[in-house]
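Trainee: This is the structure I want to talk about, given as structure tokens.
The values are calculated or read from the model by the stated rules, or taken from the named source; none is laboratory data. For clarity, every value in this text was computed on a predicted model and none was experimentally measured. Virtual Cβ from ideal backbone geometry, glycine too; neighbours counted across all protein chains shown. Heads up: the accessible areas ignore ligands, DNA and RNA and are worked out on the full protein's heavy atoms, side chains in. Shrake-Rupley method; radii C 1.70, N 1.55, O 1.52, S 1.80 Å.
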Amino acid sequence: MRTPVVLLAGVAPEPMTSATLALQLDLPDAVVVRHHIDPLEGTLERVVSDAHGIVERNLTELEHTCVSCALREDVLPTLHRLAGEKRWGAIVSHLPVSAEPVQICEVLLRDPRLARRLRVASVLTALTGPHVLTDLLGDDILAERNLHTAHDDERGVAEVACSMVEYADAVVLCDGSGPDEATGLVRALARPEVPVVTDPTLLDAGLLVGHLHDHEATGCWTKTLKTVPHDAHVDAGLWRLDLRSERPFHPGRLLEDLEVLGSGHHRSRGTFHLPSRTGQLLEWDGAGGQLSIGREGPYLRRTLGTRLILTGLGRRPDHLADEFQRLLVQPGEETAFKGAGEDGFEPWLGPTRAVA
């Protein structure tokens with residue numbers, strides 16, 4: 001019988017600690033594993049505790065202080081070892097702050113040795129209620145809050161927090177629900193069926209250690225190519241814009257004006273393609289004014305197209321839809337890209353000849 005694991009994620013230690021304590025009280029037969037990365041000291045701290053107190057404490061020096069190294073060298077081996085002891089009915093894994101749980105879920109899908117003992121029961125994201133709007137739409141970077149996991153960790157708080165909410169099976173807003181729009185924004189980003197509570201004591205621990213996590217459903221929601229309709233209602237004070245076209249972006253105009261759609265206090269996700277990179281689907285991932293683009297993979301006929309979904313607060317900016325249309329390849333421009341060399345996106349996407 002596999003041991004259920006609750007993966008706890010967040011971008012601040014305080015709400016994660018509050019959620020952990022609430023789960024530990026409601027799950028007396030569970031063991032809690034807390035991991036903390038110190039990028040300055042180059043260490044990974046592990047504390048294991050249960051209802052009777054601290055079981056073990058360990059400090060490990062990491063060759064590279066990054067989330068991937070921590071997961072590989074200690075987090076997953078520890079979860080596997082504790083499940084093998086058969087002393088506890090469940091495991092609550094308090095991940096390092098800003099570590100994204102998708103990595104653990106994907107490893108368990110690929111590694112049958114680990115999967116024989118462990119199953120992800122749920123992914124819980126814990127945020128600070130009063131700071132939700134800043135965390136999800138602000139322009140802070142993790143290093144500015146001393147929450148980075150490596151010296152070269154340049155991730156934005158918003159891109160990490162948004163990703164965690166979208167991947168979560170449940171979300172808890174601690175220290176009060178925050179501004180009126182906070183819960184609505186979280187609900188707009190999370191999967192429609194995901195419970196969002198405004199106090200750790202309202203968490204349903206029994207539900208979290210059950211079979212809440214559905215990797216396929218989560219993947220459908222979080223993939224940059226959204227297969228889930230986004231015409232659902234959003235709360236008052238929020239806006240959502242679903243921009244679609246069968247045409248690709250114009251490489252020159254897009255490169256020059258990326259900030260038109262990528263900047264601003266909103267969340268933007270989607271896929272696009274460029275006529276200079278035929279056969280390649282590209283991903284768009286933006287939050288809080290920071291934007292990442294990358295290679296998603298080859299596209300099929302059914303996935304050909306450009307689609308961006310933007311979600312924000314307040315009054316929707318009037319210019320976004322028009323700017324989206326302006327950045328697309330216009331009729332008569334298609335032939336200009338045949339046999340073209342560089343398109344300016346090489347630093348992010350590699351050479352164009354590699355995708356011809």
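Trainee: For the chain, set up a GNM with springs between Cα atoms under 10 Å and report which of Asp199, Asp139, Asp180 has the largest fluctuation.
Mentor: Highest fluctuation of the listed residues: Asp180.
Trainee: Let me ask another. Percent of Cα-Cα pairs per 20 Å bin, from 0 to the last occupied bin, for the chain, please list those.
Mentor: 29, 54, 16, 0
Trainee: Now for a different question. Starting at the first residue of region 13-19, write each ³J(HN,Hα) from the Karplus equation 6.51 cos²θ - 1.76 cosθ + 1.60 with θ = phi - 60°, in whole Hz, x for Gly and Pro.
Mentor: Result, ordered by residue: x, 4, x, 5, 5, 4, 5 Hz.
Trainee: Taking the chain as a Gaussian network, where each spring joins two C-alpha atoms under 10 Å apart, which residue of Arg326, Arg34, Arg307 fluctuates the most?
Mentor: Of Arg326, Arg34, Arg307, the most mobile in the Gaussian network model is Arg326.
Trainee: Taking all protein chains as present, what is the carbon and sulfur share of the accessible area of region 1-43, in % to the nearest whole number, probe 1.4 Å?
Mentor: 58 percent
Trainee: In Å², and per residue, what accessible area does region 1-65 have when probed at 1.4 Å with the other protein chains present? Can you show the working numbers first?
Mentor: Working: 3240 Å² over 65 residues.
Each residue of region 1-65 exposes 50 Å² on average to a 1.4 Å probe.
Trainee: While we're here: Which listed residue (Thr125, Met164, Gly219) has the Cα farthest towards the positive end of the charge dipole for the chain, taking +1 on Lys and Arg C-beta and -1 on Asp and Glu C-beta about the Cα centre?
Mentor: Of the options given, the answer is Gly219.
Trainee: Size of region 89-231 along its principal axes in angstrom, Cα-based, largest extent first?
Mentor: Taking the Cα atoms of region 89-231, the three principal extents are 42, 36, 33 Å.
Trainee: Considering the options Phe324, Gly84, His64, tell which one lies farthest towards the positive end of the dipole of the chain, charges being +1 on Lys and Arg and -1 on Asp and Glu at the Cβ, about the Cα centre.
Mentor: Gly84
Trainee: In debye, nearest 20: dipole of the chain around its Cα centre with unit charges on the Cβ of K, R (+) and D, E (-)?
Mentor: 1400 debye
Trainee: Please work out the Cα center distance from region 304-333 to region 149-192, rounded to the nearest Å.
Mentor: First find each Cα centre; the distance between them is then 24 Å.
Trainee: Now a separate question. Provide, as a two-decimal number, the C-alpha radius of gyration of region 1-120 over 2.2 N^0.38 Å, N being how many residues it has. Write down the numbers at each step before the final one.
Mentor: Numbers: Rg = 13.4 Å, N = 120, 2.2 N^0.38 = 13.6 Å.
Output field value: 0.99.
Trainee: Another question, if that's okay. Counting Lys and Arg as +1 and Asp and Glu as -1, what is the net charge of the other residues whose Cβ lies under 10 Å from the Cβ of Ile141?
Mentor: Once all neighbours under 10 Å are counted, the net charge is -4.
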